Every structure is written in structure tokens, then in C-alpha cells.
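Notes follow once the structure below has been shown.
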Amino acid sequence: KSIAVIIVAAGKGERASLDGSIDPKQYRPVGGKPVLARTVQAFLDLPFVTSVTAVIHADHADRYAALGFSNERLLAPVIGGTSRQASVLEGLKALAPQRPDLVLIQDAARPFAPPQVIGDVVEALERFEGALPTLRVIDTIKRSLDGRQVAATEDREQLFAAQTPQGFRFGQIFSAHMRASTIRRQFTDDAEIAEWAGLRVAMVAGHVDSFKITRPEDFARAERIFGGDIA
Ligand code: CTP
Ligand code: MG
């Protein structure tokens, strides 16, 4: 089975930037190595991965080149779009001529991608059309219509937080994404597009350290994970 990986890295990282002058989050170092370099390497390290494609911002081509990768399984970067959804679609379009069997879609901003979790996602695709890692929600979740008054308390037993990589059969997610791009609705992850298209999506156990670097303080947490890592 051929397994392609798309790493979406075309965002501006606005919530992680304190003053707008520092590098976008995916190019900032954690444990001495840029976030995106770590994410790419995590997938290149897996022998069952056929190819890796990074989707980058048009303004970041020099930054991407400066990562210095040279690997025959790392394909040329693709320029993303104005939303995460649009960036994933650009990655899928670039892979279409190769028609991989499976595709894994990963946030660049999640540099810690445990091999066990990635393997579990791939394995789940033997029985399901999509798969993603999830974590049980820890906080009690309130629903509110106006953000002021509680309307309801959700049943936490039924709530799970979504992570990446999210895996799919290539042809199915490509056609679902193409159709999703023709309607107004914006989808927050690829599994939601799969669900909307009627595909059966499995959940596997995620990892607490596979969180998405989103705000400035998340770098301190990432440093604690990679701090002892000299690679
Ligand atoms: N992403 C992308 N193309 C976009 C927007 C986001 O490829 N137009 C990617 C980001 O680079 C990131 C992942 O999608 O790896 C998750 O998005 P998010 O954490 O929201 O990153 P940003 O959009 O860059 O951050 P922010 O929303 O704070 O600006
Ligand atoms: Mg964003």
C-alpha cells in the first residue's frame, strides 16, 4: 500500500505571534530545531511512508528551503490557500497524479507525532474509510447560545478532542474535499469533511504531547517535550 503524507504548514500563525515580527510558528525552533522540520522528520522516519508533501505559504518559500531537507521521499512543496481546508485541497491535488492508496493529513504545528499513533491510524483504515487520533475531553463542557448564560451541560462521556494525523483512502477524501470546496460551509478538520461525505471514521487513542502549538505559551510546553533532544 502506498501511503502519502500531507503536512499543512501554510498558515500565518497569528495566535502564536506576540508582536508579529518573529518567525511564523512552524519555522520557530523547539529544542533547537524548527517545528516544521520536526514534523516532516517524524514522518520520513517511518519506513511505511511512501512520500511527504509540505503545503507552505507563498511568502515562506525561503524559510522552507532553509530547513535544508534532501530526501527522495520528500516531494516538492506546494503553495497553500487562505484556509486550512484550501491548503489541504492543494496538497491533495498535487498528489492526484500519483494516486496513493492512503493519505495522512498532519498539522505542521503538531511536531510531536508518535509512531504508535500514526501506525494505529493506518491500521484503522483497514476497517474504516477514515481515522483520527482523539483524546477524551477533560473539562466539563457548557453549551451557551450567547456566551453569557448556560444553556446546557454536555455529556462529557461522549466528547473527544480531535488530533492529527487524520488518515483516509486517497480517492475518497479527494472527491469529498473537491465537493466540499464548492459549498459555503467551512470545515474545521478533514474528518469533518469525511463525515459530511458519509464516510465511516474511526477514532484511535491520541497522545497528550501531540497538541497543536497555537499560542505563545505553547512553545514552553513544546520545549519541555523536546528540550532533552539534541537531534
Ligand atoms: N494552515 C494552512 N493553511 C492555512 C491555515 C492553516 O496550511 N491557510 C495550517 C497551519 O500552518 C497549521 C495547521 O494548518 O499547521 C493548523 O492551523 P492553525 O493552528 O490555525 O495555524 P495558523 O492558521 O497558522 O494559526 P492562526 O490561526 O493562529 O493564524
Ligand atoms: Mg488558523
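Structure notes:
- Filter result (in contact with a Phe, Trp or Tyr (Cβ under 8 Å, 6 or more places away or on another chain) and part of a loop (DSSP other than H, G, I, E, B)) within the stretch 83-139: ARG99, PRO100, ASP101, ARG110, PRO111, PHE112, ALA113, LEU125, GLU129, VAL137
- Single unsatisfied condition, HIS207 versus (1) farther than 20 Å from PRO100 by Cβ; (2) crowded, with 17+ Cβ neighbours inside 10 Å: (2)
- Given (1) at positive phi; (2) free of Cβ contacts under 8 Å to residues at least 40 places away in the same chain, number of the condition GLY31 does not satisfy: (2)
- Which listed residue is within 17 Å of LEU199 (Cα to Cα) and under 18 Å from the mean Cα position of the chain (by Cα), from VAL121, VAL117: VAL121
- For the stretch 42-67, the set of residues classified as in contact with an Asp or Glu (Cβ under 8 Å, 6 or more places away or on another chain) and buried (at least 20 other Cβ atoms within 10 Å of the Cβ) consists of VAL55 only.
- Any hit, the stretch 112-122, residues being touching a helix residue (DSSP H, G or I) at 6+ places or on another chain (Cβ under 7 Å), surrounded by 18 or more Cβ atoms within 10 Å (Cβ to Cβ) and within 20 Å of ALA202 (Cβ to Cβ): yes
- Restricting the stretch 1-13 to residues that are buried (at least 18 other Cβ atoms within 10 Å of the Cβ) and not aliphatic (A, V, I, L, M), the residue that is modelled with the lowest pLDDT is GLY13.
- Candidate set from the stretch 14-35 (those that are more than 15 Å from ligand 2 (Cβ to nearest atom) and buried (at least 16 other Cβ atoms within 10 Å of the Cβ)); member that is farthest from ILE225 (Cα to Cα): TYR27
- Exclusive hit being under 18 Å from the mean Cα position of the chain (by Cα) and not in a loop (DSSP other than H, G, I, E, B), set PHE211, PHE219: PHE219
- Summed over the stretch 61-95, residues that are more than 18 Å from the chain's Cα centre (by Cα) and farther than 19 Å from SER2 by Cα total 9.
- Any chance ARG63 is touching a helix residue (DSSP H, G or I) at 6+ places or on another chain (Cβ under 6 Å), at pLDDT 95 or above and among the basic types (Lys, Arg): yes
- From the options VAL8, VAL40, VAL52, residue that is part of a strand (DSSP E or B), within 19 Å of GLY91 (Cβ to Cβ) and within 13 Å of ligand 1 (Cβ to nearest atom): VAL8
- Number of residues in the stretch 72-82 that are in a strand (DSSP E or B) and either within 16 Å of ligand 1 (Cβ to nearest atom) or modelled with pLDDT under 95 (or both): the value is 2.
- Hits in the stretch 67-83 - residues which are within 17 Å of PRO47 (Cα to Cα) and touching a Lys or Arg at 6+ places or on another chain (Cβ under 9 Å): none
The values are calculated or read from the model by the stated rules, or taken from the named source; none is laboratory data. The model shown is predicted, which means the values in this text are computed figures rather than measured ones. All Cβ positions, glycine included, derive from the backbone under ideal geometry; neighbour counts span all protein chains shown.
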